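Undergrad: Mind looking over this structure? Questions follow.
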Amino acid sequence: MNLGLYGFGPPHAKKWIIVDVGVTFGDLRTTPGVDLIMPDTAFIEEEKDNLLGIIITHAHEDHYGALLDLWPRLEVPVYATRFTAGLLKAKASENGRHNYPDVRVVEQGATIDLDPFKVELVAVSHSIPEPNALAITTPLGTIVHTGDWKIDKRPGVGKAIDIERLREIGDAGVVAMMCDSTNANREGHSPSEHEVCEGLKTWVASAKNRVAVTAFSSNVSRLKSIMEAAAAADRHVVVMGRAMRRVISVAAECGFLDGVPAPLSEDDFGHLPREKVLLLLTGSQGEERAALARIASDEHPRVAMSSGDRVIFSSRTIPGNEKSVNNVINGLALQGVEVVTDRDGLVHTSGHPRRDELKEMYKLVRPKVLVPVHGEPAHLVAQAKLAKAEGISEVVLTQNGKMVRLAPGPARVIDEVLSDVLLLDGRLLRTPEESNVRERRTLAVAGIISAMVTLDERFELDSDPEVVLVGIPEKDDEGELFSEALADAVENAVESIPRNRRRDRDVVGQAARRAIRSHMGQRWGKKPMCHVFVSIIT
C-alpha cells in the first residue's frame, strides 16, 4: 500500500501534498477477519490545515484503494485522471458511499498548481490506463516521483511512456527521484503488452473447446487483448465478476475499448457452443469467492467447465497467494481442464521496470539523489546497489515513517513520524489494538474456554463450575473429556482459596483461569484464551 507525503518549508510551517492513498489486503494468518489494511493518517491529520491536496498516480488498489475510507479524515481536493476518477465513482456507487471525495479531473501532461508545489503529470506505461509519474517542482528544485511504470512503447491502450518529456525534465535538472523498485532484482527488459497480445491470440486460436481467461480486472490493455484474441478466433466474450464488469464499463466510457465487440453476460453462457465462447473472469489470485474458484470447485450455479476446455492465467501469482492459486489449478485439473500459465508461454507481463529499464530511466532523468520505493526491502536494496553502480552518488534507503530531507544539503533521514496501519474490520476502521487482532490470532490457534463459577452467600461453590470449549478437541489423549477435567480443576482452585478472600471476584477468576490454562498446557500442549465469569449469590 502506498501513501507518500511531500513537504516544503521550515520545520514548523511546512506545506504538504499526499501522493496516493492505497490499501493492502488482510490474511487469515496475521489479520484474521480483516478485509483491508491501510495507512494510519494520524500524522497528517494533525497537519490538515497545511495539507494542500492529494494526487493519485493511477487506479490500482495499492495506490487509490483507501481514498474512500480516509478522505473524510483529510477533506482536501483530490486530483486524478478521468479513468481513475471514473473507477472511484463506480466503486463508491457500488458500496453505497455518500461522503464522496472532492475529485478534480486532470489530464495526463497537465500541471497542478499547489503553491509552493507545481505538480506535472507525466505519462508512463503500466498495467492500467492513464498511469503517471509526477514532476514536483518547488523553489528548491524538481523531484520526480515515478509511480508504477515500465518502458513500453506499445502499451495497447492509452498513451505510451513520454520518453521525450522525461528527458526534458532531466535536462532542466532533477534534485531527486523516488523510483519503483518492484523488479529491481530482475535482469533485462519487461516484455511489451503487444507481445502478450500476440501470445494470447495463439493460445486462444489453438483451443478446440471452451476457453476461459483470468486476469487482473484493472489491466484494461490485457482485457482488450483478450477480447481481440476472442474476436480473431470467432468467439463471443462472456464477462464474469463484479470488478471485471465495473472496469470494462468505465474503460468503455473512456474510449479504451473502441473497436472490439461488446461482451456478453454470464446469462448468455449456456446458449453458446463450446467452441464459440471465451470466458473473461476474475479469480487469478485464487480468491475463494471469485468466479474461477467457484468453477474450479464445481459450485458455480450457471457456469461449468468440461474436460478438454482450456483456462489461461494471464497474470502472475502474488506472493502469499500460491496455495490458493494451486487449489484452483488442482480443481480444474480434476475436471480434465487444461491450465496455461506464464510458464507455458507469453500470456502475461509485469507492469514494473526491470534493471535495463531502470538504467534507461536514470539516463533520462539524471537525478542527483535516488530514493528506492515501492518494494520489499530486498527490492529496495537491489535498486540502491544498481543506482550506485550506474553513477548516482547519493542513494537514500528509507523505511515507512522516516522523514527524508531531499534539499537543501545532502539527502538524509532527519526525523521519524507516526507510521502505523488501520484495519478495515467489517464496517469499522480501527487500529490493530482497537480491533483486538492479536486475540483473534490466539483464537485461531488455540480456541477459547469460558467458565462460570457461582458462589453462595457463604462463598462456597453453589454448584459445579460450568465449562464451555470452542475450537478445542473434546477429549485428551487418554479419552477424558476436557470439560469434566477442567470443571474439577476449577473447583479445586476455588476451594484452595481462603474463604474470606473469595469475596473478591477477581481473585476467584484469576485462580480459575490459571487452573484452566495450566491443565490445558499439560494435557494439550496449548494455552487457549480463557474467560471466567464469577457470580456471588447474596
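Undergrad: Of all the residues that make up segment 359-389, how many are out of contact with any Leu (no Cβ under 8 Å at 6 or more places or on another chain), under 22 Å from Asn2 (Cα atoms), surrounded by fewer than 20 Cβ atoms within 10 Å (Cβ to Cβ) and of a type outside the set (Asp, Glu)?
TA: So the count comes out to 3.
Undergrad: In segment 338-352, how many are in contact with a strand residue (DSSP E or B) (Cβ under 6 Å, 6 or more places away or on another chain), assigned to a loop (DSSP other than H, G, I, E, B) and without any contact (Cβ under 8 Å) to a residue 40 or more places away in the chain?
TA: 1
Undergrad: Another one. Answer yes or no: is there a residue in segment 23-39 that is more than 19 Å from Glu130 (Cα to Cα), of a type in the set (D, E, K, R), touching a residue at least 12 places away in the same chain (Cβ under 8 Å) and open to solvent by less than 50 Å² (accessible area, probe 1.4 Å).
TA: No, segment 23-39 contains no residue that is more than 19 Å from Glu130 (Cα to Cα), of a type in the set (D, E, K, R), touching a residue at least 12 places away in the same chain (Cβ under 8 Å) and open to solvent by less than 50 Å² (accessible area, probe 1.4 Å).
Undergrad: Now a separate question. Of the conditions (1) surrounded by fewer than 22 Cβ atoms within 10 Å (Cβ to Cβ); (2) within 30 Å of Leu429 (Cα to Cα); (3) at pLDDT 95 or above, Ala92 clears all except one; give me its number.
TA: (3)
Undergrad: Those residues that are part of a helix (DSSP H, G or I) and either open to solvent by 10 Å² or more (accessible area, probe 1.4 Å) or modelled with pLDDT under 95 (or both), I need them from segment 198-220; list them, please.
TA: Initial filter on segment 198-220 (part of a helix (DSSP H, G or I)): 198-205, 220.
Glu198, Gly199, Lys201, Thr202, Trp203, Ala205, listed by residue number.
Undergrad: Of all residues in segment 415-442, how many are among the aliphatic types (A, V, I, L, M) and open to solvent by 70 Å² or more (accessible area, probe 1.4 Å)?
TA: 2
Undergrad: Does any residue in segment 229-247 that is in a helix (DSSP H, G or I) come within less than 8 Å, Cβ to Cβ, of a residue that is of a type in the set (Asp, Glu) six or more places away or on a different chain, and which pairs are these?
TA: As it stands, the answer is Arg242/Glu94; Arg246/Glu94, since those pairs meet every condition given.
Undergrad: When only residues in segment 40-87 that are in a strand (DSSP E or B) and farther than 26 Å from Val220 by Cα count, which is most open to solvent (accessible area, probe 1.4 Å)?
TA: This residue is Leu52.
Undergrad: Also, quick follow-up: Which of the residues belonging to segment 513-528 are in contact with a Lys or Arg (Cβ under 9 Å, 6 or more places away or on another chain) and either over 20 Å from Arg501 (Cβ atoms) or in a strand (DSSP E or B) (or both)?
TA: If the condition is that a residue be in contact with a Lys or Arg (Cβ under 9 Å, 6 or more places away or on another chain) and either over 20 Å from Arg501 (Cβ atoms) or in a strand (DSSP E or B) (or both), then Arg517, Met520, Gly521, Lys527, Pro528 are the ones that fit.
Undergrad: What tally of residues in segment 428-461 results from selecting those that are charged (D, E, K, R), more than 19 Å from Asp506 (Cα to Cα) and touching a residue at least 60 places away in the same chain (Cβ under 8 Å)?
TA: At the first step, the residues of segment 428-461 found to be charged (D, E, K, R) are 430, 433-434, 438-441, 456-458, 460.
Checking which are more than 19 Å from Asp506 (Cα to Cα) leaves us with 430, 433-434, 438-441.
Within this subset, residues satisfying the condition of being touching a residue at least 60 places away in the same chain (Cβ under 8 Å) are 439-441.
Matching residues across segment 428-461 total 3.
Undergrad: May I ask you to list the residues in segment 483-512 that are part of a helix (DSSP H, G or I), closer than 17 Å to Asp456 by Cβ and among the acidic types (Asp, Glu)?
TA: Glu491, Glu495
For every residue, the table says whether it meets (1) within 14 Å of Ile516 (Cβ to Cβ); (2) touching a strand residue (DSSP E or B) at 6+ places or on another chain (Cβ under 6 Å); (3) not small (Gly, Ala, Ser).
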{"site": "Asp464", "(1), (2), (3)": "no, no, yes"}
{"site": "Leu469", "(1), (2), (3)": "yes, yes, yes"}
{"site": "Glu491", "(1), (2), (3)": "yes, no, yes"}
{"site": "Asp504", "(1), (2), (3)": "no, no, yes"}
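The values are calculated or read from the model by the stated rules, or taken from the named source; none is laboratory data. Values in this document were obtained by computation on a predicted structure and should not be read as measured data. Glycine gets a Cβ as well: all are built from the backbone with ideal geometry, and neighbour counts include every protein chain shown. SASA here: full protein model, heavy atoms, side chains in, ligands and nucleic acids out. Shrake-Rupley method; radii C 1.70, N 1.55, O 1.52, S 1.80 Å.
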